[in-house]
Amino acid sequence: MISVDRALKGDRLMRAATGVSVSEFDELTPKFGQKLEYEKWNRYEQGVKQSDRERKPGGGRKGNLRTALEKLFFILLYFKCYPTFDLLGLLFDLNRSNACRKRLSCG
């Protein structure tokens, strides 16, 4: 998998990969994490109301992009570079179809 930590060590590499500086990324990450958690619980509550939810958030198979930091980096890299899903899959150790799904959803 691509080394997010390595990109976070240098402002130049971070800007080349995502289009934002390390300080901007550090500022976005907690806000993105909070929004991600909110959306996760919101989808859970809607699923409970519609009686089609089987597990609580966090249940089920664990994804390759586990942290909000990794998910935000993935999204910003996608919008900055527009790589093919095949390349995204290679960089983030995902199947091509999962790379497409990850781009389209917050979870």
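What follows is calculated from the coordinates using simple rules that are stated; it is not laboratory data. Small disclaimer: the values here were computed from a predicted structure and weren't measured. Cβ: placed from backbone, ideal geometry, glycine included. Neighbour counts: every protein chain shown.
Ranking of 6, 61 by neighbouring Cβ atoms within 10 Å, starting from the fewest: 61, 6. From most to least packed by mean Cβ count within 10 Å, the peptides 20-28, 68-76 give 68-76, 20-28.
Going through (i) 52, 14, 9; (ii) 27, 17, 11; (iii) 44, 15, 12, the figure that equals semi-axes √(5λ) of the Cα gyration tensor in Å as computed for the structure here is (ii).
Would you mind checking 31/56; 40/62; 35/80; 35/71 for any pair whose Cα atoms are more than 19 angstrom apart? Present the calculation step by step, with values, prior to reporting the outcome.
Values: 31/56 22 Å; 40/62 14 Å; 35/80 21 Å; 35/71 12 Å.
Violating the 19 Å Cα-Cα cut-off are 31/56; 35/80.
Using mean Cβ contacts within 10 Å as the protection proxy, how do 81-92, 41-52 order, highest first? If you can, show how the numbers build up before the last one.
Working: 81-92: 15.0, 41-52: 11.2.
Going by the mean number of other Cβ atoms within 10 Å, highest first, we get 81-92, 41-52.
When the helices of the chain are scored as -39500 (n - 2.57) per DSSP H run of n ≥ 4 and the total is divided over every residue, the value at 222 nm lands at -21500 deg cm²/dmol.
Simple rule: put +1 on each Lys or Arg Cβ and -1 on each Asp or Glu Cβ in the chain, find the dipole, and look at 89, 32, 46; the Cα lying farthest toward the positive end is 46.
So, with +1 on the Cβ of K and R and -1 on the Cβ of D and E, and no other charges, what is the size of the charge dipole of the chain about its Cα centre, to the nearest 20 debye? Could you put the intermediate results ahead of the total?
Numbers: 21 positive and 13 negative charges, 58 e Å.
Once rounded to the nearest 20, the dipole reads 280 debye.
Note on residue 43 and residue 16: their simple-model spin labels are 3.3 nm apart, each label 7 Å out from Cα toward Cβ.
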